[in-house]
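The next block holds one structure in the form of structure tokens; read it before the comments.
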Amino acid sequence: MAGSNPDKLMTKADKLTQLSLTRWSADWKSATVLYEQAGNAFRVSKKYDKAKISFEKASKGQEMLSSPWDAAKHMEAAASLAKELGNWTEVADFYKKASELYNECGRSQPASDALAKAARALEDAAPEDAVQLYIDACVILEEDGKEQMAFDLYRPATNVYIKLEKYADAATLLLRWGLAADSCKATNSQCKAYLSAIIVYLYAHDIKQAEKCYNDCSQIDAFLRSDQNRCASKLLSAYMEGDIEEIKRLAQSSTISNLDHMIIRIARKLPTGDVSGLKMNATKDEELLDEDDLT
Amino acid sequence: MSVIDILFRVDDICRKYEKYDIEKQRDLNATGDDAFAQLYAALESEIDKALLKFEAASAETNRAAAVAMNAEVRRTKARVKQEFPKLQKLAVKKVKGISKEEQETRKELVFVLADRIEAIPDGTSTAAKSNGGWETSASHKNIKFDSSDGNYSNDFFQESEESSQFRQEYEMRKMKQACLDVISEGLDTLKSLAQDMNEELDRQVPLMDEIDTKIIETNNVEKVI
């Protein structure tokens, strides 16, 4: 059936699916075909809202025909059209539905890809939702044992957190990235993730957290033997000394320049806040310890 | 007496002395409209969760997972600390229907809670600072020049032959060092490139295996057809 007028195709398909006295069961097979044709025709003629609706209905049809793969594909098409229209809630919903359908097929990679596409689309409009979608996508991959693929998702998620200035969350996410890297023996990525976490804490001027983070990570052998560990220890000792020149020099070093560009940018802006105050605090702590020892 | 009778009697006694049951009273209070009690109950549950997570983290053999869990514990601790001033303000406010003694006990509860928050262990055992065999050149080599007030005769600062030779050698060594620095930077970049490429190839291996199996399947199907 070479339907020329997509609206006619839509009405025909709708009629096929409406239940009435004369029709006791909906004919989803032919209806789905008509919906797909209508959707394509609408897309070509740039009528995005109608195209979106017809792809939605086509997806529903495929679901009824128990082929979740095609249903998911149509949902993704509908979602990309919703993106053109700038309808962000629908974008998120459609991509989530598509991801569930992919999970039904048992294919985790396309499921997480769908969520990642949604997150990318929402990065500017709704960054909070976007980062949540990125994390969900990572969870899907990790459950299926495909942590290596999750690296590409952790990176934009941390970037969004840093843009939102939520440094504690960014650092926690980086540590999760390190964990994922550890489970697939990607030691280089793991050490880079830990060094990035320490830098994020220093940028937020949370020196105590940075030290705690460094102590935690030092217990991991792979990090202990790495270049990043040296760089981190030099950075922390420079902070303790209050040596601004040293901090700036380390930020220019090659170890830091090999991290993600977002991290490099904030590293170049170190030190934030007043470093000389730390030096005096350090000496005061030592005196207190001595008193305790005497008693 | 049969078992059923015993059960009934126990239930009756419990109901009679319900007002002495601390746990139940606390729950009842928590579900009231009292903002203080609600916030207190919420913070307590957060603290308990954090403690549980810390136990799980210390039992965890996988180091990286322990690190991630410790980070979560610290984040919860920071969040609870933020909510704490609100709790303090609520404790001081006078609420209708609460006796004076309860008011006092509330202030004590707030103090106890503060201690409990501080006591949440966040795994900050300072690890043995083994530098893994790297020689860290200290950034504070305090080299002191002692200014001896010796005889600053005219010859003292005169350039002798030896010293000019030293100077020349120093200049040459400085140039060589600069070149070596450039080479070292280049090597660092190459090393990180190589490591990243390594990881990328590791990532591609299972994908290639999948492609392999899929092509073999398709071949078989084609053969049948």
From the helices alone, meaning DSSP H stretches of at least four residues, give me the mean residue ellipticity at 222 nm for chain A, per-run term -39500 (n - 2.57), in deg cm²/dmol to the nearest 500.
-25500 deg cm²/dmol
Work out from phi, with θ = phi - 60° and the Karplus expression 6.51 cos²θ - 1.76 cosθ + 1.60, the ³J(HN,Hα) of each residue of the range B:189-194, listed in order in whole Hz, and give x for Gly and Pro.
4, 4, 4, 5, 4, 4
Please find, in a Gaussian network model of chain A (springs between Cα atoms separated by less than 10 Å), the residue of A:Thr272, A:Thr22, A:Thr172 whose mean-square fluctuation is greatest.
A:Thr22
Under 26 Å Cα-Cα from A:Lys163, which lysines qualify once same-chain neighbours fewer than 8 residues away are excluded?
A:Lys83, A:Lys96, A:Lys117, A:Lys192, A:Lys208, A:Lys212, A:Lys248, A:Lys269, B:Lys77, B:Lys81
With the radius of gyration and the Kirkwood radius both derived from the Cα set of the range A:1-132, what is their ratio Rg to Rh?
1.02
Could you tell me the largest-minus-smallest coordinate of the C-alpha atoms of the range A:122-161 on each of the three principal axes, in descending order and whole angstroms?
31, 14, 11
Magnitude of the Cβ-charge dipole (Lys and Arg +1, Asp and Glu -1) of the range B:156-202 about the Cα centre, nearest 20 debye, reported as 280
For peptide B:182-195, what's the mean number of Cβ atoms from other chains within 10 Å of each residue's Cβ?
3
Within a Cβ distance under 13 Å of A:Ala111, other residues only, what is the Lys/Arg minus Asp/Glu net charge?
-2
With +1 at each Lys and Arg Cβ and -1 at each Asp and Glu Cβ, the charge dipole magnitude of the range A:169-215 around its Cα centre, to the nearest 20 debye, comes out at 120
Between A:Cys217, A:Met240, A:Ala251, whose Cα lies farthest towards the positive end of the dipole of chain A when Lys and Arg beta carbons carry +1 and Asp and Glu beta carbons carry -1, centred on the Cα centre?
A:Ala251
Pick from A:Glu56, A:Glu36, A:Glu246: which residue has the top mean-square fluctuation in a GNM of chain A where Cα pairs under 10 Å get a spring?
A:Glu246
Here the FRET efficiency for B:Ala41 versus A:Ser25, based on Cβ atoms and R0 = 56 Å and rounded to 0.05, is 0.55
I need to check one value: relative contact order of chain A, counting alpha carbon pairs closer than 8 Å and at least 6 residues apart, in percent.
8
Longest principal axis of chain A (C-alpha) makes with the long axis of helix A:276-294 (C-alpha) an angle, in degrees to the nearest 10, of 60
Only counting other Cβ atoms within 10 Å, I'd like A:Met240, A:Met149 sorted with the fewest neighbours first.
A:Met240, A:Met149
With label points set 7 Å from each Cα along the Cα-to-Cβ direction at B:Val3 and B:Glu210, the distance between them in nm comes to 5.6
Within a 10 angstrom radius of each residue's Cβ in A:167-173, how many Cβ atoms of other chains show up on average? Whole number is fine.
2
For peptide A:234-247, the mean count of other chain Cβ atoms within 10 Å per residue Cβ is 1
Choice from A:Gly86, A:Gly39, A:Gly273 showing the highest fluctuation, given a GNM over chain A with Cα pairs closer than 10 Å:
A:Gly273
Rel. contact order, % - alpha carbon contacts under 8 angstrom, at least six apart, the range A:1-125:
17
For the range A:80-171, compute Rh as the Kirkwood radius over C-alpha pairs and then the Stokes-Einstein diffusion coefficient at 4 °C and 1.567 mPa s; write the answer in µm²/s, rounded to an integer.
99
Rounding to the nearest 10 and keeping the result within 0 to 90°, find how far the Cα-based axis of helix A:147-163 lies from the longest principal axis of chain A.
70
Under Stokes-Einstein, chain A at 25 °C and 0.890 mPa s, with its Kirkwood radius over C-alpha pairs, diffuses with a coefficient in µm²/s of 110
Separation in nanometres of the label points that stand 7 Å from Cα toward Cβ, at B:Ala178 and B:Arg15
9.5
Can you give the relative contact order of the range A:148-205 as a percent, counting alpha carbon pairs under 8 Å and 6+ residues apart?
35
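Values in this text are rule-based calculations from the coordinates and carry no lab data. None of the values given here were measured: they were computed from a predicted structure. Glycine gets a Cβ as well: all are built from the backbone with ideal geometry, and neighbour counts include every protein chain shown.
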